[in-house]
Amino acid sequence: ATYDVTTSPVQGETGRGLLVFFEDVTDREQAEQIRRDFVANVSHELKTPLTALLGFIETLRGPARNDASARERFLSIMEREAERMNRLVRDLLSLSRVESEERMRPEERVDIVALVNSCALTLRPMARDNGVTINVTGHTASVFVQGDSDQLVQVFTNLIENAVKYGGSGGVVTVDISVADRELAFRGPGVNVAVIDQGEGLDPVHIPRLTERFYRVDGHRSREMGGTGLGLAIVKHIVNRHRGRFRIESAPSEGSRFSVMLPVV
Ligand code: ADP
């Protein structure tokens, strides 16, 4: 622990003395360290594509000026790098919006079953391109939660996309919806949406850290797939804002299950 120490002189009955105050500033220091790491990470993540862009602009002005095929190739790389920066800025903005709204209760009445089915429908073509089928199973009738539909779409889109990207080797991603009349955590009914893949799974050491900003098990692979490292951090904050619970279960070679439980209205 780290302490801030302040003193103040006192005049007592038996003479002069000194009062010493200890204030535990461990939390404050940790928060400051997290902020510094975050800024360093963001700068690094932005600098990499920027450096590539500047390098290619230089080449296009110089050596590749009259080479049409090189120009085309470089422009596609530049486009990819610019898209990477675009995704990063988009995710940073979402994260900051979600964090600033975390104390405000979302107000819409949202049919979570319809919303999850529509996310699955939207992502099916992308999954098909990766050789993955998305199945939605379990509860089919409407279930309402008090929520922010755009943010909930973001939650299930992130989880299903991750399951396809990292757990797609199993060929099937299942989104299972179940309802419990009395969910202990909410002292009332709850709906549970589990996104299950049959991929390689995760070593348990990674699980508690997956929702940290920019934490990736395999940085190279995540970047190759267009990941920003912010998806699960955003998911965690949105679920918190909805007074829900987010749970990750996974084991090497057994696939993973990412579950979101929300109170039913
Ligand atoms: P990214 O943009 O890198 O996908 P996320 O925050 O969404 O960032 O995920 C963080 C990391 O968690 C990923 O880089 C990946 O290593 C791991 N991960 C996420 N989902 C899965 C999954 N379904 N199976 C295995 N690993 C996963």
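The values are calculated or read from the model by the stated rules, or taken from the named source; none is laboratory data. As the structure is a prediction and not an experimental result, all values here were calculated from the model. Cβ: placed from backbone, ideal geometry, glycine included. Neighbour counts: every protein chain shown. Note: areas computed on protein heavy atoms with side chains; ligands, DNA, RNA excluded. Shrake-Rupley method; radii C 1.70, N 1.55, O 1.52, S 1.80 Å.
The table for this structure:
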read-out: Kirkwood hydrodynamic radius of segment 134-246, Cα pairs, Å; value: 15.3
read-out: Euclidean distance between Cα centres, segment 155-202 to segment 218-253, Å; value: 12
read-out: Part-to-part distance (alpha-carbon centres) for segment 139-153 and segment 42-84, which is given in Å; value: 42
read-out: nm² value of the averaged projected area, convex hull over the Cα atoms of segment 1-90; value: 10.0
read-out: Full-extension gain in nm, Arg182 to Ala251, via 0.36 nm per residue minus C-alpha separation; value: 22.0 nm
read-out: Estimated dipole of the chain in Debye, rounded to 20 [Cβ of Lys and Arg +1, of Asp and Glu -1, Cα centre]; value: 460
read-out: 11 Å beta-carbon shell around Ser253, net charge (K/R +1, D/E -1); value: -3
read-out: Shape of segment 84-175, Cα gyration tensor, a/c cut at 1.5; value: oblate
read-out: Computed E for Ser8/Gln30 - FRET, C-beta separation, R0 25 angstrom, nearest 0.05; value: 0.35
read-out: Relative contact order computed over the chain (Cα-Cα under 8 Å; 6+ residues apart), in percent; value: 17
read-out: Label-point gap, in nm, between Arg90 and Phe22 - each point 7 angstrom along Cα→Cβ; value: 5.1
read-out: Within-14-Å neighbourhood charge of Val175 [Cβ basis; K, R +1; D, E -1]; value: -1
read-out: GNM result for the chain, Cα springs below 10 Å: residue of Thr26, Thr157, Thr122 fluctuating most strongly; value: Thr26
read-out: Cα gyration tensor shape of segment 136-197, rounded if a/c is under 1.5, else prolate or oblate by comparing a/b with b/c; value: prolate
read-out: Cα gyration tensor shape for the chain, rounded if a/c is under 1.5, else prolate or oblate; value: oblate
read-out: Of all accessible heavy-atom area on segment 32-96, the percent that carbon and sulfur account for (1.4 Å); value: 58
read-out: Probe 1.4 Å, accessible area per residue of segment 8-153, Å²; value: 69
read-out: Isotropically averaged projected area of segment 75-135, using the convex hull of Cα atoms (one quarter of hull area), nm²; value: 6.4
read-out: Sorted peptide list for 191-199, 130-138, 12-20, 35-43, criterion being average Cβ within 10 angstrom, highest first; value: 191-199, 130-138, 35-43, 12-20
read-out: FRET efficiency, 1/(1 + (r/R0)^6) with R0 25 Å, evaluated for Asp203 and Ala114 via beta carbons; value: 0.10
